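Below is one structure; the comments refer to it alone.
The values are calculated or read from the model by the stated rules, or taken from the named source; none is laboratory data. All values reported here derive from a predicted model rather than from experimental measurement. Here the Cβ is made from the backbone with ideal geometry for all residues, glycine too, and neighbour counts use every protein chain on show. Protein only, heavy atoms only, side chains kept; ligands, DNA and RNA dropped before computing areas. Shrake-Rupley method; radii C 1.70, N 1.55, O 1.52, S 1.80 Å.
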Amino acid sequence: MSDKIDFYRYLLSLKKRWPLVLTIFVTVMLLGVVYTLRSERLYKSSATLIIMPQAPQVLTGVQEVNPVGTANNFWAEEALLQTEYQIMSGRQILKRAFDRMNLAKTVGKNIDAADYLGSYVSIVPAKKTRIVSVEVVHQDPKFATTLANTIASAYLDYKIERRREGSGEAINWLQIQQEDLKKKLEISENKLYAYMESHGILNASLESQMEMLKTRVGLFEGKLAEIESQKIAGRVDANALSRVAKEPALLDSLADVQKAPMVGEIKAKLLELKRQNTELSERYLPEHPKIKTLQTEITALEQTLREEIGNTLTMLEREQRTLLSTEQGLREAIATQRQQEASLNKIGLDYGRLKREVDTNTKLYDLVANRLKEIGLTGMLQANNVSLLDQARIPSAPYKPDWNTNMIASLMLALLLSVGMALLLEIMDQTFKTQEDVESYLKLPFLGVLPAIHLENKAWRKDKTKQELFVESKDRDLYIATHPKSMVAECSRAIRTNLLFMTPDKPFKSLLVSSSMAGEGKTTTAINLAIAMAQSGSKVILVDGDLRRPRVHKSFDLNNDVGLSTVIVDECDLDRSIHHSSIPGLDVLTCGPVPPNPSELLHTQKFKQVFAELETRYDKIIFDSAPVGAVTDPVILGALVDGALLVIKTGVTHREATRRAVRALQDAHANLFGVILNDFDAHKTQYGYSYGRYYWYGRYYYGQYGDKKPYGESAA
């Protein structure tokens, strides 16, 4: 089968089965109307709430015990909303609404409130908003309105009560903790005071005493460093003076000594005298009075320098001893302070532990006291993250049944069932209807189509007599002879042409016409082909090869006392058995008396001799045989003739039966020319579009050359 969906074919299938489609459609629509009329009238009322992510922050920076709404992202907010929806429809809220409406008096005390009201209530959130509706559907519109408002009110009260309950529980717990912490704080403070008293640190804190010791040690160490610096400077000056005292020539290298200013003055005068001596030596001889006088002054000044240096050294030694004594005193004072510091450090370990305990208890006590005050304030707040947006109102019209919705649903269901049933039947239909069906399923050449024959003034009735049926059958078989310009005649000639084109080099002489099952029109087709070939100028004989249910003699109104069966058994010769028909060029060999063993007769050598004799006398031999699916007779004939064709009745022949017939002929090595689609009605069948070319050709051709009306109209 082709994978391509033929929508026009299915559309025509709906047209063909329109009574079924209309019946299902009307039935479903009527059922929808009856259902709507018989449905109970229900009223819907809804109260609308808005849920915010967080409650209003009245006290900034104060955290509540049970924060109302803490959503800070999409997923948290979604979880919050879903939780609120569950609470609204939960047993506790429904029980509160049940009690507030005093429903126990009307429905009984033993009724479960959640089970009773749950079937009426639904929570419907609005998409992409924080708005949610409490919807109630009930037979009584006033009851639905009251229940929706009561549930909304009970839910709001529940939210506030939960906050208050949480605050009360927290206050009780914090008060107990506050008393306990107060006792612990007092005990830790007493321990710290006793310790400070025993170690004499009440006047000043341990920290301040430690700071005083550190300051004092710093001062002593600074003074010690200064003394050590002075000692070093004194030793340097003493060493320099001692070297000059031993070697006066080093006087020039002597730096200024802070403790001996006279040495500096003498050094300056001595250097000036030596300069003058040098200048006079350049002008005078050593014995010159000026030079001698100057040398005497130099010698006296050097003696004075040595004496001054000695005095200075003596003074520096005394200062060194004084500095050494001061240094020792400072070191002893520093050591004493270090000992006191170590003692305070040892005391500080226990003091720090006791002090930390006091600080910790103080912080905890303050924290609990502050939190207790905060919860006391928040417990008095009425802030809530849920608020009532709209109260429920009494509905003026019923919610159900909804005529528009039910009618649209019924319409859609009616269309679905009616069209679906028609298409399902079409899909399940395994008969042949189009050329595409034949070619795609059987993979055989399509030789043509034979339209349905509509006899004039032959209305179809169940009570027809055998004689009436015989007349109709005869008229149908010889239709193209009596209506040579009809569509049936034209299609028969088209099939004749296609058969001739099948073997252009070696035209066939013998042809077998069969079908898969009885009643598919093989006899009518064989007669039509025989007449069409005879009309083309060929000498044709039509042989009734159906030795079980022959009908050719009836169509031509011939005597069936002699025929093929009598010729095979030598009861009558061939010449006496052949009948000349009223159609020029067409002879008929009837079946003759029905034999008890048809298959054995067709296997005899005598039949082959008869067949060979017919081939010498006639241009074309047309065999009408029994159905392939019923007996083996056509298989035997198919192996002898030049070619065979299968007749398929439109909309009747089953595909699998035809496939088995084709396989049987092919297994017998029959040359299967192709398939003819019989009983095609271009006016009634839903597949007329596939063969429109035949029908419109007939309208044009015969409408122009002789017929008063096109075939389709005249033959209807």
Those residues of the range 497-522 which are part of a helix (DSSP H, G or I) and open to solvent by 10 Å² or more (accessible area, probe 1.4 Å), in sequence order: T497, N498, L500, F501, M502, K522
Inter-residue pairs, beta-carbon under 9 Å, first part of a helix (DSSP H, G or I) and among the β-branched types (V, I, T) and in the range 292-318, second surrounded by 11 or more Cβ atoms within 10 Å (Cβ to Cβ) and modelled with pLDDT of 75 or more, 6+ apart: I298/L273; I298/K274; I298/N277
Filtered residues of the range 417-429 (kept if within 14 Å of L20 (Cβ to Cβ) and loosely packed, with under 15 Cβ neighbours inside 10 Å): G420, L424, L425, M428, D429
The range 651-662: number of residues that are at pLDDT 85 or above and either surrounded by 18 or more Cβ atoms within 10 Å (Cβ to Cβ) or within 25 Å of F607 (Cα to Cα) (or both): 2
Strands (runs of 3 or more DSSP E) completely within the range 595-689 that count 2 or more residues being under 17 Å from G563 (Cα atoms): 620-624
Positions within the range 392-410 being among the polar types (S, T, N, Q) and either open to solvent by less than 100 Å² (accessible area, probe 1.4 Å) or in a helix (DSSP H, G or I) (or both), in sequence order: N404, T405, N406, S410
Any pair with Cβ under 9 angstrom, 6 or more apart, that starts in the range 386-402 at a residue that is in contact (Cβ under 8 Å) with a residue 12 or more places away in the chain and ends at one that is acidic (D, E) and surrounded by fewer than 14 Cβ atoms within 10 Å (Cβ to Cβ): K400/E40; P401/E40
Residue list for the range 620-650, filter: open to solvent by 10 Å² or more (accessible area, probe 1.4 Å) and within 13 Å of T523 (Cα to Cα): P627, K649
V132 modelled with pLDDT of 90 or more, touching a Pro at 6+ places or on another chain (Cβ under 6 Å) and either surrounded by fewer than 17 Cβ atoms within 10 Å (Cβ to Cβ) or aliphatic (A, V, I, L, M) (or both): yes
Residue match in the range 136-151 (condition: in contact (Cβ under 8 Å) with a residue 60 or more places away in the chain, hydrophobic (A, V, I, L, M, F, W, C), outside any helix (DSSP H, G or I) and surrounded by 13 or more Cβ atoms within 10 Å (Cβ to Cβ)): yes
Residues that are in contact with a helix residue (DSSP H, G or I) (Cβ under 8 Å, 6 or more places away or on another chain), open to solvent by 40 Å² or more (accessible area, probe 1.4 Å) and modelled with pLDDT of 80 or more, drawn from the range 36-70: Y43, K44, S46
Lone unmet requirement of (1) open to solvent by 10 Å² or more (accessible area, probe 1.4 Å); (2) over 28 Å from L444 (Cβ atoms); (3) assigned to a loop (DSSP other than H, G, I, E, B) for G592: (1)
Filtered residue count, the range 523-568, keeping only those that are of a type outside the set (D, E, K, R), part of a loop (DSSP other than H, G, I, E, B) and without any contact (Cβ under 8 Å) to a residue 40 or more places away in the chain: 5
The range 90-111: number of residues that are open to solvent by less than 60 Å² (accessible area, probe 1.4 Å) and out of contact with any helix residue (DSSP H, G or I) (no Cβ under 7 Å at 6 or more places or on another chain): 4
Cβ pairs under 8 Å, 6+ apart, first in the range 323-338 and in a helix (DSSP H, G or I), second β-branched (V, I, T): L323/I227; T326/I227; E327/I227; L330/I227; I334/V217; Q337/V217; R338/V217
Sole residue being open to solvent by 20 Å² or more (accessible area, probe 1.4 Å) and touching a strand residue (DSSP E or B) at 6+ places or on another chain (Cβ under 7 Å), chosen from L529, L564, L586, L558: L558
Restricting the range 366-391 to residues that are open to solvent by 80 Å² or more (accessible area, probe 1.4 Å) and more than 30 Å from M88 (Cβ to Cβ), the residue that is modelled with the highest pLDDT: L367
Pairs with Cβ under 8 Å, 6+ apart, first in the range 202-216 and within 14 Å of Y351 (Cβ to Cβ) and open to solvent by less than 90 Å² (accessible area, probe 1.4 Å), second at pLDDT 65 or above and part of a loop (DSSP other than H, G, I, E, B): Q209/I201
Any chance L270 is within 15 Å of S242 (Cα to Cα), in a helix (DSSP H, G or I) and open to solvent by less than 50 Å² (accessible area, probe 1.4 Å): no
A260 vs. criteria at pLDDT below 80 and hydrophobic (A, V, I, L, M, F, W, C): yes
In the range 595-614, the residues that are surrounded by 16 or more Cβ atoms within 10 Å (Cβ to Cβ) and either farther than 15 Å from D544 by Cβ or of a type in the set (A, V, I, L, M, F, W, C) (or both): L601, L602, F607, V610, F611, L614
Residue match in the range 663-670 (condition: closer than 27 Å to G592 by Cα, modelled with pLDDT of 85 or more, over 58 Å from the mean Cα position of the chain (by Cα) and not aliphatic (A, V, I, L, M)): no
Residue selected from the range 1-35 under the condition charged (D, E, K, R) and open to solvent by less than 100 Å² (accessible area, probe 1.4 Å), by the criterion modelled with the highest pLDDT: R17
